[in-house]
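Worksheet for the structure shown next.
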Amino acid sequence: MFTANQNFRMLPESYLFSEVGRRLREFKEKNPGREVIRMDIGDVTRPLPECVVEAMRRAIDEMGHAETFHGYGPEQGYDFLRELILEYDYVQMGVKCLGAEDIFVSDGAKSDLGNLTDIFGIDLRIGVTTPGYPVYADSNVLSGAAGIPVGGGWERLIEIPCPAFNGFMPELPESPLDVIYLCYPNNPTGTSMTREQLTEWVDYALMCKALIIYDSAYEAYITQPGIPHSIYEIPGAEKVAIEVRSFSKTAGFTGVRCGYTVVPRTLEFGFADGAEASLNRMWLRRQTTKFNGVGYIVQKGAEALYTPEGREAIERNVAYYMKNARDLREAIISKRWEVFGGVNAPYVWFRPLPHGDSWKWFERMLGEYGISSTPGVGFGAMGEGWLRLTGFGSRENTREAIDRLMSDM
Ligand SMILES: *Cc1c(COP(=O)(O)O)cnc(C)c1O
């Protein structure tokens, strides 16, 4: 008799964005004709760069002719793309410890973040920052590693608190961890880690032989010096860290689907019995077993991002979204509300006055300003009282939102 995976029953009933959607529909029914500005979802609005569109068109033509047709590609990604990633995203940024064999092209960061649990041993002490991107905890719930829900958290997941009084930065845990999920610049709080702060975490991982899974989906949004773009800028990270990146937020690839994960051959981990393990070989085995690679057309589109035109287009996108985020931040500051983000990240994370719970303020933001936000508590209990706005909207909508926010001042 077939029975279904019990772990699915433990995932929270209503996912954050579906609850936001439900409340929005309810608001619109009660307030017909009122125009709501969506600043809740994290999706981008700028179209694909022209050079990407052209590269993909050419690739489609190749696919239509027997002489240039591409079938199954290498599971790890085409060499042409992995070499460019290595050169532009690492070597030219001063990271010399990696090779193209360490890079795995994927259909986006979320898949890899969700699938990495396949290479975890059992009974690991897994640390997730809170507030945080829900995929880290939820993928461990599905794999069974998180155990059962207890008091707003999980039996076997260890929350790494990022409290408001600490500027939403995580403090080093007192008890040792085996896996640590970090995401900087951070979604949802928009905070970033300095080189010194990230070095503490790499040193901690080296000391307790923990694996760091470093989500750097927003590295391109860093504007300040002294903020590392890659964890491999930190000495020793190549022994303890896997880095996950995405073209989604920089190049409009949210619907195209492409990213990459770095699993260095220099990682120093073993199996429970002490035998040496190559996570790089294991991840390749995992991908060749359950994944057949990213489409040729998509990888040709990603390749175009490393041309001068492509790099310029990314810079323009980042500048466009960051202006939105900075302007939102300024507006919130002038309301004398507490705010994080909008400096090295396209998100603005804020606590309106008077202080109240996140969902209550979600409703007030809708009612008073016609702005839809994301309640911070949806990213973990530590986010209670806070809201997230995205800079990924259009300039026009962002301006209108700012006018509305300032209208009662
Ligand atoms: C958007 C996002 C991702 C997912 O990116 P995809 O490549 O589109 O799957 C991963 N991590 C964080 C923190 C994100 O905000």
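Below is a table of values for the structure above.
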{"read-out": "Enumeration of residues in segment 142-160 that are of a type outside the set (A, V, I, L, M, F, W, C), surrounded by 19 or more Cβ atoms within 10 Å (Cβ to Cβ) and not in a strand (DSSP E or B)", "value": "none"}
{"read-out": "Count - residues of segment 85-107 that are closer than 22 Å to P74 by Cβ and either more than 16 Å from the ligand (Cβ to nearest atom) or of a type in the set (G, A, S) (or both)", "value": "11"}
{"read-out": "Subset of segment 28-58 (residues that are charged (D, E, K, R) and either touching a residue at least 40 places away in the same chain (Cβ under 8 Å) or in contact with a Phe, Trp or Tyr (Cβ under 7 Å, 6 or more places away or on another chain) (or both))", "value": "R34, E35, R38, D40, D43, R46, E50, E54, R58"}
{"read-out": "Number of positions in segment 49-84 that are under 19 Å from F247 (Cβ atoms) and more than 29 Å from the chain's Cα centre (by Cα)", "value": "2"}
{"read-out": "Scan of segment 42-57 for residues that are over 10 Å from T254 (Cβ atoms), in contact with a helix residue (DSSP H, G or I) (Cβ under 7 Å, 6 or more places away or on another chain) and β-branched (V, I, T), ordered by number", "value": "V52"}
{"read-out": "Qualifying residue in segment 271-284 (condition: crowded, with 23+ Cβ neighbours inside 10 Å and among the hydroxyl-bearing types (S, T, Y))", "value": "no"}
{"read-out": "Within segment 113-150, considering residues that are more than 27 Å from A164 (Cβ to Cβ) and within 14 Å of the ligand (Cβ to nearest atom), the one nearest to the chain's Cα centre (by Cα)", "value": "G114"}
{"read-out": "Residues of segment 131-185 that turn out to be touching a Phe, Trp or Tyr at 6+ places or on another chain (Cβ under 8 Å), under 30 Å from A325 (Cα atoms) and among the hydrophobic types (A, V, I, L, M, F, W, C), as a count", "value": "8"}
{"read-out": "Of the criteria (1) more than 16 Å from the ligand (Cβ to nearest atom); (2) of a type in the set (D, E, K, R); (3) within 16 Å of the chain's Cα centre (by Cα), which one K110 fails", "value": "(1)"}
{"read-out": "Subset of segment 247-262 [more than 8 Å from the ligand (Cβ to nearest atom) and touching a residue at least 12 places away in the same chain (Cβ under 8 Å)]", "value": "T250, A251, G252, V256, Y260, T261, V262"}
{"read-out": "Lone qualifier among T289, T254 - being at pLDDT 95 or above and not in a helix (DSSP H, G or I)", "value": "T254"}
{"read-out": "Residues satisfying the stated conditions in segment 235-245, i.e. of a type outside the set (D, E) and surrounded by 24 or more Cβ atoms within 10 Å (Cβ to Cβ)", "value": "A237, V240, A241, I242, V244, R245"}
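The values are calculated or read from the model by the stated rules, or taken from the named source; none is laboratory data. Fair warning: this is a prediction, and the values are worked out from it, not measured in the lab. Ideal geometry is used to build each Cβ from the backbone, glycine not excepted, and the neighbour counts take in all protein chains shown.
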